[in-house]
Structures are given as structure tokens and as C-alpha cells.
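One structure below.
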């Protein structure tokens with residue numbers, strides 16, 4: 001199941017692997033993305049901690065980890081093709097995969113319906 | 001929506017047109033302005049470099065400085081700016097800066113000498129965020145015979161790019177013989193407009209001062225040409241950055257002098273010799289001996305942009321300056337920045353580091369502009 005944060009990250013948790021990126025709403029707000037700094041493999045991320053940086057033509061924005069975990073993969077395609085985040089924000093434009101412990105804290109995350117309502121309220 | 005002053009942003013005469021085009025409107029310098037249209041900043045930037053981009057810059061301040069004859073008006077303005085205005089020929093425009101007593105820059109502005117106005121009139125265009133302060137500053141320094149007349153009933157459009165001339169000619173505007181920094185009155189779609197061959201993108205193009213009630217008709221007529229697309233403030237910023245042009249409040253401000261800012265080309269020889277403008281002693285000394293620091297361009301090895309405020313270090317890690325404008329250059333497909341560094345490190349090719357989130361990004365001092373200017377000289 002795909003879950004969402006109030007900072008406009010998405011995360012899909014499959015077993016002990018969590019894949020995350022930024023939402024379609026986030027990319028549309030940022031505009032043309034020209035640089036993405038993904039986290040290094042092996043780094044431990046805290047839930048809500050700085051995980052990545054995304055830069056549009058206009059500004060730099062921080063991306064926060066939706067759940068805690070160790071980075072086990074990062075999307076290296078984004079180094080050469082950061083625009084992939086605009087084109088496929090919630091699929092090919094994923095940022096990183098984390099190894100999460102069982103019972104990862106997802107209590108503050110929203111499901112799709114709740115996230116849509118949240119975006120509509122902004 | 002509100003800006004930092006808390007007041008509701010003012011609409012320009014083209015507000016409804018921007019909304020109808022799907023623009024993302026943001027508060028900027030007290031006005032609601034389009035930061036981008038649905039095409040996005042990259043596409044808008046590239047379109048302007050290759051075709052013709054149409055900008056609403058009606059937030060900028062337009063004013064006449066009115067005196068009894070050209071010499072009187074020009075000398076009055078020369079007491080506030082370092083450019084030579086007395087020699088400004090009818091139908092010509094010049095770039096200059098309003099200076100503080102210590103030679104710091106209060107604002108930068110364009111000055112033109114209209115051919116259709118009575119002798120003794122100069123047309124000024126100043127920055128939106130500075131215009132109230134500029135007008136007060138100018139008004140406080142006028143002799144009894146000279147007055148400042150802000151024009152609050154005019155819009156300002158910019159048409160920029162290599163196809164701008166052909167678009168204007170197709171609308172019947174006699175601009176083909178105008179050269180860079182020429183200014184001319186003309187009738188366009190039945191309205192009296194003032195056109196200058198200048199802009200803020202590094203491209204050939206025009207700025208068109210038009211009565212507010214005729215602005216939407218001119219905007220629509222320009223946009224009806226397939227070579228023209230609307231361009232927002234976002235691309236205006238990336239275009240001017242690649243063009244090496246200063247943004248007031250960022251690359252220049254009251255703490256920078258025109259010489260530090262590498263704008264001495266805008267101080268003509270007579271003024272350098274004679275002085276007679278605010279901060280002349282400092283500026284003449286900087287011209288003679290070199291300033292302590294200098295505005296430079298910076299290019300980078302990777303794709304990561306360095307933003308305003310980033311510190312600049314030499315290769316030994318000593319902080320030697322700061323970025324004042326930075327971002328991704330869509331035409332160059334690479335990050336570019338401008339900033340101030342110690343004068344000894346300002347030569348093109350000098351290797352430096354820019355500190356971004358604590359990490360040094362290898363950078364090199366580059367000649368400005370980053371993208372060659374397309375001006376019709």
C-alpha cells in the first residue's frame with residue numbers, strides 16, 4: 001500500500017523494504033527539476049529526517065524520510081536524468097529504498113484518499 | 001495571498017490575461033505576478049532564446065523627469081547617477097545606478113531621452129521593489145525647476161528573443177532600423193507607445209510602454225503570433241542570470257559599488273574624470289586602484305546548482321566571498337552563479353569552491369555573460 005506524508009513524500013512498504021520518492025503534487029509545485037541528491041547506500045535515515053535534496057530551476061527543497069531505515073538502494077538514474085522526477089514522480093522517479101524493521105512507525109502517514117483530501121485543503 | 005508587507009498584492013493591467021493563460025501567480029514587490037505558465041520555466045526559457053518571449057513587467061516603475069531644457073534635467077539626474085546623461089542623444093537609452101552618498105547602489109535604472117516629448121524630459125524605468133524609495137530620493141534632490149512625474153497609468157511589456165523584431169514588424173511597428181538601446185515613440189494598434197530596443201534576457205528585444213487601458217489588446221495581439229509565448233518571472237530570472245545581468249537586492253545593493261559590481265562600463269569617461277555623483281571619491285579610487293572585491297561569474301563541474309548565500313572558498317578552504325545569484329542555466333544545461341570574491345581571485349579561470357550544504361563544489365571563475373548576448377548593435 002502506498003502511504004503519504006504531509007511533506008509530500010510517498011512510500012511503498014513491501015515486507016522489510018520501503019521505497020520512497022516525492023508525490024506528483026510535489027513535482028508539479030516544484031516545477032522543472034534539474035538536480036537530485038539521493039542518499040548514500042548504507043546511511044541510516046531517521047523518520048522525518050533529511051533524506052535527499054531536490055532542486056528545481058527556482059529553488060532547492062529538502063526531502064524527508066517517510067519512515068526510518070537503512071538505505072539499501074538509491075536511484076542513480078536521477079543523477080543524469082533528474083527530469084524523471086517530473087515525468088514519473090511516483091514510479092521511475094523513486095529516490096531510495098530503505099530496509100525497515102518490522103512494525104515500522106507509519107502512524108502519521110496518510111493513505112491515498114486522506115492525502116488527496118490534504119492536498120485539496122492546501 | 002499576501003506579500004511580506006501584509007498588503008494585498010496589486011494586479012497589473014494584464015492580471016486577467018495571466019490567469020486565463022493558467023499562470024501561477026505569486027506576490028512579488030507588491031504585485032501579483034506570473035512566475036510561470038503551464039509550459040514551465042525550462043520551456044519558457046528555451047522558447048525565449050530561440051523565438052520570442054512576452055513578459056509583463058508592468059510592476060516596474062515608469063516616470064518622467066521634467067525640466068525646462070535637456071541640460072538642466074540631465075545635470076539634475078547626473079547629481080544622482082554616475083552615467084553621462086548630458087550627452088545622451090534624443091532617441092537613446094542608457095543604463096545607470098542611483099547611488100548613495102558612499103557610492104553604494106540604491107537601485108539600477110534605465111534612462112532614455114524621448115524624441116516626442118518636449119526638450120528637458122527624460123524617461124526613467126526603475127525596479128518595482130525600489131520605486132517608492134527611488135521616487136522619494138529623486139524628489140528630495142530636485143531643484144525647483146525640475147519635477148518627477150511617476151506614470152501609474154502605463155503598463156510595460158517586454159518582447160525578447162531572436163524573433164522579436166519580426167513579430168514587431170508584423171504588427172506594423174517600425175523597429176527594423178532601431179539598434180540596441182535606441183528608444184522611439186510609435187503608434188501600435190492605435191495606441192501611442194514608447195519602445196526601446198533593450199531588455200533583461202541577454203537577447204535582442206524590445207520593451208514597450210503602453211497605456212494601461214491598451215495593454216491587454218497589445219498583449220493579445222503579440223501572443224496571437226505563433227512565434228510568441230508568455231514567459232513568467234521564473235524564466236526571466238534564469239535568462240538574466242545566463243546573461244550576466246544584475247538583479248537588484250541580490251547582485252547589487254547599498255553595500256556594493258558599481259565598480260565592485262563590474263558595472264564601470266556604465267560610467268562614461270567624462271563622469272569618471274569629473275566626478276560630481278554620490279560616492280565619486282570612492283568610485284574614482286576603485287577605478288584607479290581596483291576594488292577590494294569584484295562580481296564574477298562561476299561555472300561548476302557537476303549539475304548541482306549553488307544558490308544565493310552560498311559561501312565561496314579558495315582551494316585552501318579560506319572563505320573569499322559569497323554567491324549572490326545562482327541556479328541552473330537551461331541554455332547551458334549546467335549550473336551558473338554570480339557572486340563577489342576578493343579581487344585577486346576574480347580572474348577568469350581561477351579555481352574556487354562553493355560550499356553547498358557543507359560540501360565544496362568545485363567551481364571556476366567565468367567571463368560574463370555566460371550565454372553570448374544577442375543584442376542588435
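For this structure, a couple of remarks:
- Boolean, residue A:122 is buried (at least 19 other Cβ atoms within 10 Å of the Cβ), within 14 Å of another protein chain (Cβ to nearest Cβ) and touching a helix residue (DSSP H, G or I) at 6+ places or on another chain (Cβ under 9 Å): no
- Flag for residue B:238 being in contact (Cβ under 8 Å) with a residue 12 or more places away in the chain, in contact with a strand residue (DSSP E or B) (Cβ under 8 Å, 6 or more places away or on another chain), within 13 Å of chain A (Cβ to nearest Cβ) and surrounded by 21 or more Cβ atoms within 10 Å (Cβ to Cβ): yes
- Taken over the range B:180-202, residues that are more than 16 Å from residue B:92 (Cα to Cα) and surrounded by fewer than 24 Cβ atoms within 10 Å (Cβ to Cβ) amount to 7.
- Options B:276, B:249; residue that is touching a residue at least 24 places away in the same chain (Cβ under 8 Å), away from chain A (no Cβ under 14 Å), surrounded by fewer than 21 Cβ atoms within 10 Å (Cβ to Cβ) and within 13 Å of the chain's Cα centre (by Cα): B:249
- Residue in the range B:338-361 that is under 30 Å from residue B:163 (Cα atoms) and either crowded, with 22+ Cβ neighbours inside 10 Å or modelled with pLDDT of 95 or more (or both) present: yes
- For the residues A:41, A:57, the requirement of being touching a strand residue (DSSP E or B) at 6+ places or on another chain (Cβ under 8 Å) and either crowded, with 17+ Cβ neighbours inside 10 Å or closer than 12 Å to residue A:21 by Cβ (or both) singles out A:57.
- Close pairs from the range B:345-366: first closer than 17 Å to residue A:60 by Cα and more than 14 Å from chain A (Cβ to nearest Cβ), partner at pLDDT 95 or above and crowded, with 18+ Cβ neighbours inside 10 Å, Cβ under 6 Å, at least 6 apart: B:360/B:353
- All positions within the range B:209-242 that are farther than 27 Å from residue B:185 by Cβ and out of contact with any helix residue (DSSP H, G or I) (no Cβ under 7 Å at 6 or more places or on another chain): B:226, B:233, B:237, B:241, B:242
- Residue within the range B:310-320 that is part of a loop (DSSP other than H, G, I, E, B) and within 14 Å of chain A (Cβ to nearest Cβ) present: yes
- Within the range A:98-119, the set of residues being in a loop (DSSP other than H, G, I, E, B) and crowded, with 20+ Cβ neighbours inside 10 Å comprises A:100, A:109.
- Residue check for residue B:136: without any contact (Cβ under 8 Å) to a residue 24 or more places away in the chain, farther than 19 Å from residue B:206 by Cβ and in the same structural domain as residue B:29 (by TED's automatic domain parsing): yes
- Among the candidates A:78, A:84, A:45, A:98, residue that is touching a helix residue (DSSP H, G or I) at 6+ places or on another chain (Cβ under 8 Å) and either over 19 Å from residue B:356 (Cβ atoms) or free of Cβ contacts under 8 Å to residues at least 12 places away in the same chain (or both): A:84
- Applying the criterion of being closer than 11 Å to residue B:352 by Cβ and more than 14 Å from chain A (Cβ to nearest Cβ) to the residues of the range B:279-309, the residue that is surrounded by the most Cβ atoms within 10 Å (Cβ to Cβ) is B:296.
- The lone exception for residue B:152 - which of (1) free of Cβ contacts under 8 Å to residues at least 40 places away in the same chain; (2) more than 24 Å from residue B:73 (Cα to Cα) it fails: (2)
- Residue B:370 vs. criteria at pLDDT 95 or above and under 23 Å from residue B:248 (Cβ atoms): yes
- Residues that are away from chain A (no Cβ under 14 Å) and within 23 Å of the chain's Cα centre (by Cα) were ranked within the range B:321-337; the one that is surrounded by the most Cβ atoms within 10 Å (Cβ to Cβ) is B:324.
- Top-ranked residue of the range A:77-97 - restricted to ones that are within 11 Å of the chain's Cα centre (by Cα) and outside any loop (DSSP other than H, G, I, E, B), ranked as nearest to residue B:302 (Cα to Cα): A:85
- If you go through the range B:122-146 and keep only what is surrounded by fewer than 18 Cβ atoms within 10 Å (Cβ to Cβ) and touching a helix residue (DSSP H, G or I) at 6+ places or on another chain (Cβ under 8 Å), you end up with B:141, B:143, B:145.
- Exclusive hit being in the same structural domain as residue B:85 (by TED's automatic domain parsing) and either closer than 23 Å to residue B:367 by Cα or free of Cβ contacts under 8 Å to residues at least 60 places away in the same chain (or both), set B:286, B:301: B:286
- Spans of strands (runs of 3 or more DSSP E) in the range A:21-76 with at least 1 residues within 12 Å of chain B (Cβ to nearest Cβ) and more than 14 Å from the chain's Cα centre (by Cα): A:33-37, A:50-56, A:60-64
- Subset of the range A:12-38 [surrounded by 23 or more Cβ atoms within 10 Å (Cβ to Cβ) and farther than 16 Å from residue A:83 by Cβ]: A:18, A:20
The values are calculated or read from the model by the stated rules, or taken from the named source; none is laboratory data. From a predicted model like this one, the values you see are computed outputs, not experimental measurements. For neighbour counting, all protein chains shown are included, and Cβ atoms are generated from backbone atoms with ideal geometry for every residue, glycine included.
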